[in-house]
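Report on the following structure.
What follows is calculated from the coordinates using simple rules that are stated; it is not laboratory data. Keep in mind that what you see is a predicted model, and the values were worked out from it rather than measured. A quick note on method: Cβ atoms are made from the backbone with ideal geometry, for glycine too, and the neighbour counts reach across all protein chains shown.
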Amino acid sequence: MVPRLQEKFEKEILPALKETTGRKNRLSLPRLEKIVVNMGVGSAVTEKKHMDDAVAALTQITGQKPLVTRARKSIANFRLREGLAIGCKVTLRGKRMYEFLDRLVSLVLPRVRDFRGLSRTAFDRRGNYSLGLTEQLVFPELNPDKFTRIQGMNITMVTSTDSDDEARELLQGFGVPFRKEETAE
C-alpha cells in the first residue's frame, strides 16, 4: 500500500514544482529525502530509566527502533562521561517517512497548544527544515498514563534542494502549516 502523501507527491506536487521551477527533468526537482527525529535526554546521566522511557516513546511514535546516542567527550560540570547515553534518534525514509509526515501534519501539529503555524524562517540555508516539540504526548499513539515525564524532541526534514524557497514550496505542497506572512503597514 502506497502512503497518501507519497501518492500526492507523485501526482500533484511534482507537476506543480515543474511549473514553478521551470525544470523538465523530474530528478532535478526537490524531494524529501529523510526525516530525523531526535530526543535529547540530559536527565539520563543521573536517571537511567529516563532513557528507557524515551526509547520506548520514540519507538511507538516512529514505528522504528531508535539509535541511542552517546556523549563524545567528558564534561565535568554536567557530570557527563565519554560514552554515556544522552539521547536517541531515528532516521525515517520511504514509506515510514511519508506516514510520519502525514501524522505530523494532520494529527500532531493541530494538537499543539497555542499553535498558529510553523515559522517560515527555520530553514538552514541548505533546504532543510527543523522544528521542535516541547512534549511527546501530542502524538496520539502514546498513552499518557505510561509516559508521565514530559520529554521534547527535534524533527528535521531533509530535502534534496539547496534552496530554502524550493524546500518551503515542497513542504507547503505536503500540507505543512506555515505561519502567514505578516504584511508591513
* Go ahead and run the numbers for FRET between residue 120 and residue 76, Cβ-Cβ distance against an R0 of 41 Å, rounding to 0.05. => 0.50
* **Helix-derived mean residue ellipticity, 222 nm - over the chain, DSSP H n ≥ 4, -39500 (n - 2.57), to 500** => -7500 deg cm²/dmol
* Of the listed peptides 9-15, 23-29, what is their order by residue-averaged count of other C-beta atoms within 10 Å, with the highest listed first? -> 9-15, 23-29
* If the cut-off is 19 Å between C-alpha atoms, which aspartates and glutamates fall inside it for residue 34, apart from same-chain ones fewer than 8 positions away? -> 7, 10, 99, 102, 124, 162, 164, 165, 166, 169
* Structure fact -> Residue separation between residue 113 and residue 4 times 0.36 nm, minus their alpha-carbon distance, gives in nm 36.6 nm
* What order do you get for 86-94, 127-135, 140-148 when each peptide is scored by the mean count of other beta carbon atoms within 10 Å, highest first? -> 86-94, 127-135, 140-148
* Gaussian network model of the chain, Cα springs within a sub-10 Å range: biggest mean-square fluctuation belongs to which of 96, 126, 72? -> 72
* With a cut-off of at most 15 other beta carbons within 10 Å, and DSSP calling the residue loop, which GluC sites (Glu not before Pro) in the range 28-106 qualify? Please list them. => 47, 82
* Hey, what do the phi angles of the range 97-112 turn into as Karplus ³J(HN,Hα) couplings, whole Hz, using 6.51/-1.76/1.60 and θ = phi - 60°, x for Gly and Pro? -> 4, 5, 5, 5, 5, 4, 5, 4, 6, 8, 10, 7, 4, x, 7, 5
* Structure fact -> Surpassing 20 Å at the alpha-carbon level, of the pairs 65/95; 49/89; 8/180, are 8/180
* **³J(HN,Hα), Karplus 6.51/-1.76/1.60, whole Hz, each residue of the range 138-151, x for Gly, Pro** => 6, 7, x, 6, 7, 8, x, 6, 7, 9, 8, 7, 6, 9
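Find how much the distance from residue 64 to residue 18 grows on full extension, using 0.36 nm per residue of separation minus their present alpha carbon separation; answer in nm with one decimal.
Full-extension gain reported as 13.2 nm.
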* Would you kindly state how much longer the chain becomes between residue 34 and residue 95 on full extension, computed as 0.36 nm times their sequence separation minus their alpha carbon distance, in nm to one decimal? => 20.9 nm
